[in-house]
Amino acid sequence: MAKNQEIACYSPGLAGIPVTESAISSVDGSIGHLEYRGIDIEQLAEKSSFEETSFLLIYGHLPSEAELAEFTNELHHHRRIKFRIRDIMKCFPESAHPMDSLQTTVAVMGMFYPLPHNLDGHLSDEHVRTVCLNLVGKLPTLVAAHARMRRGDDPIPPRDDLSHAGNFLYMLTGNEPTLLMERIMDVAMIVHAEHTLNASTFSTIVTASTLADPYTCISAAIGSLSGPLHGGANEDVLHMLDEIGHVNRAEAYLHDKLEKKEKIAGLGHRVYKTKDPRATLLQELYVELTKEMGEDPTYEIASRIEELSRSTLGAKGICPNVDFYSGIVYRKLGIPTDLFTPIFAVARVSGWLAHWREQLGVSRIFRPMQIYIGENGQNYVPMDKR
Ligand code: COA
């Protein structure tokens, strides 16, 4: 390709460049609309469960009653983790961030559940199903076990009689959640389960394209999600709201940040140029939760920031994204701030696996090109002449 053609194709961050075909989800950022397998997330949030949404994403259709019962039952029986994986977690430093723990333990899982290596990428349906059940089923247990072990507490074994969301809250807190808390965690997981080709999903499919094992693919995705420009933003939102401290200080804070040309956590999105529909759903969940658990001053600060930013950033299409209200919901459920991004991973693993499964049929290694801007034809300079 000629040099000027290369430059014409170059788009930093691959913005606007299609890199694969996919039938899993679609977003219209101009109107704030998101669909999984053609169904809008508002309907899924209202009518589905995380277990059913995971099935939909991975297998491409809504399950029949029998399919859903079988999938849910199998998922619930894949929650336990091997004691040797728990022993490995015991060796992590107390300072370990839960995302680092999760990334490591998911990579370790690959050693315990080896898969056949085929150069054509073919895996039997049974292998694919076991991988999906193992990862969707065990991620909540890995997160909850680490959260307790770092405090010196024993992990709480999963309960097969609770839903995915209910069991996760139970393993984290030791208390059976109320129906409303369970439903809110379920919806939060549904809306985080998939979002087209974001950075972590792209990491999944790039790694999958080498035919690396799926535990390595998901571990790579978790590493990518941990960054503050991706999943880590929901932690930053809570730190920001704590720093502001009172609704009266919101205006001065925003003004100061914008004057210094600094970004506001939880605002802006590469695709959405209007309010992220997931932010709207999470905000509604928060309001519902306050009916049972009372108001929280943090929410007042967040909604004031949203209101104030409308005239300045909103005009540029910088609006609340999924992370803006998710942390406030999780805090209200009693979850520590540094578990917000791991919860994102617990939900998003369904989307990552759907993309991993879809790419098994593609079998083309990703190998983009660069535009070389360094020197050529240089001579090696001996040490005494440098
Ligand atoms: N606060 C203030 N200004 C913001 C902003 C924010 N959160 N997000 C973007 N902008 C501004 C940029 O400064 C830039 O302004 P300029 O044109 O005057 O230079 C413009 O909007 C475009 O921003 P850019 O960073 O190029 O957009 P992007 O599409 O590459 O980045 C994000 C998208 C998400 C990385 C970015 O909005 C961001 O960093 N947001 C905060 C982190 C966050 O919430 N991440 C979670 C995403 S789900």
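The values are calculated or read from the model by the stated rules, or taken from the named source; none is laboratory data. Everything numeric here is computed off the predicted structure, so don't read it as measured data. As a convention, Cβ positions derive from the backbone with ideal geometry for all residues, glycine included, and neighbour counts pool all protein chains shown. Note: accessible area is taken over every heavy atom of the protein model, side chains too, but ligands, DNA and RNA are not part of it. Shrake-Rupley method; radii C 1.70, N 1.55, O 1.52, S 1.80 Å.
Would you check if Leu68 is at pLDDT 95 or above, open to solvent by 40 Å² or more (accessible area, probe 1.4 Å) and of a type in the set (A, V, I, L, M, F, W, C)? Yes. Look at (1) out of contact with any Pro (no Cβ under 8 Å at 6 or more places or on another chain); (2) farther than 20 Å from His192 by Cβ and you find that Arg80 fails only one, number (1). Would you check if Met181 is open to solvent by 30 Å² or more (accessible area, probe 1.4 Å), within 30 Å of Val287 (Cα to Cα) and of a type in the set (A, V, I, L, M, F, W, C)? Taking the combined requirement at face value, the residue satisfies it.
Could you list, in sequence order, the residues of the stretch 294-322 that are outside any helix (DSSP H, G or I) and of a type in the set (A, V, I, L, M)? If you could, list the steps in order and put the result at the bottom.
Narrowing the stretch 294-322 to residues outside any helix (DSSP H, G or I): 294-296, 313, 317-321.
Those that are outside any helix (DSSP H, G or I) and of a type in the set (A, V, I, L, M): Leu313, Ile318.
I'd like to know if the stretch 302-316 contains one or more residues that are surrounded by fewer than 16 Cβ atoms within 10 Å (Cβ to Cβ), near the ligand (Cβ under 9 Å from one of its atoms) and of a type in the set (Val, Ile, Thr). Yes, the conditions are met somewhere in the stretch 302-316. Taking first residues from the stretch 55-68 that are farther than 11 Å from Gly351 by Cα and part of a helix (DSSP H, G or I) and partners that are modelled with pLDDT under 95 and not polar (S, T, N, Q), no Cβ contact under 6 Å between residues at least 6 apart in sequence or on separate chains turns up.
Of the listed requirements (1) in contact (Cβ under 8 Å) with a residue 40 or more places away in the chain; (2) under 28 Å from Leu333 (Cβ atoms), Val287 misses just one: (1). Of the residues making up the stretch 250-280, those that are more than 23 Å from Trp352 (Cα to Cα) and in contact with a helix residue (DSSP H, G or I) (Cβ under 8 Å, 6 or more places away or on another chain) are Ala250, Glu251, Tyr253, Leu254, Leu258, Lys263, Ile264, Ala265, Leu267. Could you check the stretch 43-66 and list, in sequence order, the residues that are touching a helix residue (DSSP H, G or I) at 6+ places or on another chain (Cβ under 7 Å) and among the acidic types (Asp, Glu)? Listed by number, the residues that qualify are Glu51, Glu52. Inside the stretch 214-239, residues that are open to solvent by less than 30 Å² (accessible area, probe 1.4 Å) and within 10 Å of the ligand (Cβ to nearest atom) make up a count of 6. I'd like the full set of residues that are closer than 23 Å to Ala208 by Cα and without any contact (Cβ under 8 Å) to a residue 40 or more places away in the chain, limited to the stretch 15-37. Answer for the stretch 15-37, where residues must be closer than 23 Å to Ala208 by Cα and without any contact (Cβ under 8 Å) to a residue 40 or more places away in the chain: Gly16, Ile17, Pro18, Glu21, Arg37.
Scanning the stretch 240-254 for residues that are open to solvent by less than 30 Å² (accessible area, probe 1.4 Å) and under 24 Å from the mean Cα position of the chain (by Cα), which turns out nearest to the ligand (Cβ to nearest atom)? Here the residue is Met240.
Using the structure shown, decide if Val322 is touching a Phe, Trp or Tyr at 6+ places or on another chain (Cβ under 9 Å) and closer than 19 Å to Gly245 by Cα. Lay out the reasoning, then the answer.
On the way: touching a Phe, Trp or Tyr at 6+ places or on another chain (Cβ under 9 Å): yes; closer than 19 Å to Gly245 by Cα: no.
No; evaluated as a whole, the condition is false for this residue.
Here Pro336, Pro342, Pro320 are screened, and the one residue that is more than 30 Å from Leu211 (Cβ to Cβ) and surrounded by 24 or more Cβ atoms within 10 Å (Cβ to Cβ) is Pro320. The residues of the stretch 199-213 that are of a type in the set (A, V, I, L, M) and either within 16 Å of the ligand (Cβ to nearest atom) or in the same structural domain as Pro320 (by TED's automatic domain parsing) (or both) amount to a single one, Ala199.
Scanning the stretch 190-241 for residues that are modelled with pLDDT of 95 or more and of a type in the set (D, E, K, R) returns a single hit, Glu194. Arg86 satisfies every condition listed in (1) within 29 Å of Leu282 (Cβ to Cβ); (2) more than 19 Å from the chain's Cα centre (by Cα); (3) not aliphatic (A, V, I, L, M) except (1). Would you point out which residue out of Lys257, Lys273 is surrounded by fewer than 21 Cβ atoms within 10 Å (Cβ to Cβ), assigned to a helix (DSSP H, G or I) and within 10 Å of the ligand (Cβ to nearest atom)? Going through Lys257, Lys273 in turn, just one is surrounded by fewer than 21 Cβ atoms within 10 Å (Cβ to Cβ), assigned to a helix (DSSP H, G or I) and within 10 Å of the ligand (Cβ to nearest atom): Lys257.
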